[in-house]
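Take a look at the structure set out below.
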Amino acid sequence: MGRFDGRTVMITGAGTGFGAELAVKAAEEGAARVVVHYRSSKAGAEATAQRVADAGAEAVLVQGDISLWDDIKRMVAEAGEVDVLVNNVGDMASEQNSWDELTEATIDHVLGVDIKGTMLMVHEFGSAMKARGRGAIVNIGSTVIVRGSPRAPIYAAGKYGLLGITKSYAKALAPEVRVNTFAPGFMATEAVLTRPDFQRGRGEQITRDTPMGRIPPPEDLTGAALFLATDDANHITGSYMICDGGYSMLGA
């Protein structure tokens, strides 16, 4: 028996990275349908859908820009009945290498995706879940909420906004729908490993200062993230769960 037997799980940004691994893990956990969302990485989404199918679930591709309310409304209709939504899409301002490189365009884009987009996804899909009498939503945050980000303060601001979204909708949608935030630390994804600061030794510093002694690949964190959407977490809502190997614990 899998933790999602017979259920439909939707993962946003499932064409690459952590989103792709979350979609595959949901299928391995017994999901009947996995909705694979993407904005522009169609080839990646199709590859994820194939992996989902190989794991035994029906894969449904849905395209849309989460910063556009009309796109989200369309996706609600296309996705059908969704039992679990994982809001994985986020913008970490990866093109910004230092706090003093901030631009107004970066502010508008990061907040448009991380706060506006996530809030509208929770609002629309959560409303549909509440009307059906069941559902669970997991917002993918980051430990920058507790650490801050001297590289990109706007990224920390965007992720911090998820806490307000999570707590507010956890109350608004209760008791039918649970809403939580999962906060991973650094993961060994291409977007992280190719950053200039990682090329200059940041990765070695993070590994050294992490009690668990490594920067894990994204697939190592999928089980913990999806836990918040399972029946095992049926009394957890409005919470924030850190999964970073103890890195944020240092100095606390």
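Laboratory data are not the source of any read-out in this text; all were calculated from the coordinates shown. Computed from a predicted structure; not experimentally measured. FYI the Cβ positions are ideal-geometry reconstructions off the backbone, even for glycines, and counts take in every protein chain you see.
Rg then Dmax, both in Å and based on the Cα atoms of segment 8-245: 16.9, 51. Between rounded, prolate and oblate, where does segment 195-249 land on the alpha carbon gyration tensor, with a ≥ b ≥ c its root eigenvalues, rounded for a/c under 1.5, else prolate if a/b exceeds b/c? Judged from the Cα gyration tensor, segment 195-249 comes out prolate (a/c at least 1.5, a/b above b/c). Subtracting the Cα-Cα distance of residue 249 and residue 127 from 0.36 nm times their residue separation leaves 40.3 nm of extension gain. When the P(r) is computed for segment 138-252, the part past 22 Å accounts for 37% of the Cα-Cα pairs. Spin-label model, residue 73/residue 102: points 7 Å from Cα along the beta carbon direction are separated by 3.4 nm.
Using just the helices of the chain, give the 222 nm mean residue ellipticity in deg cm²/dmol: DSSP H runs with n ≥ 4 each add -39,500 (n - 2.57), and the total is spread over all residues, rounded to 500. Working shown, then result.
Values: 10 runs with 100 residues, N = 252.
After summing the helix terms and dividing by residue count, I get -11500 deg cm²/dmol.
The peptide list 96-106, 187-197, put in order of mean Cβ contacts within 10 Å with the highest first, becomes 187-197, 96-106.
Magnitude of the charge dipole for the chain, about its Cα centre and with charges confined to Cβ atoms of Lys, Arg (+1) and Asp, Glu (-1), is about 500 debye.
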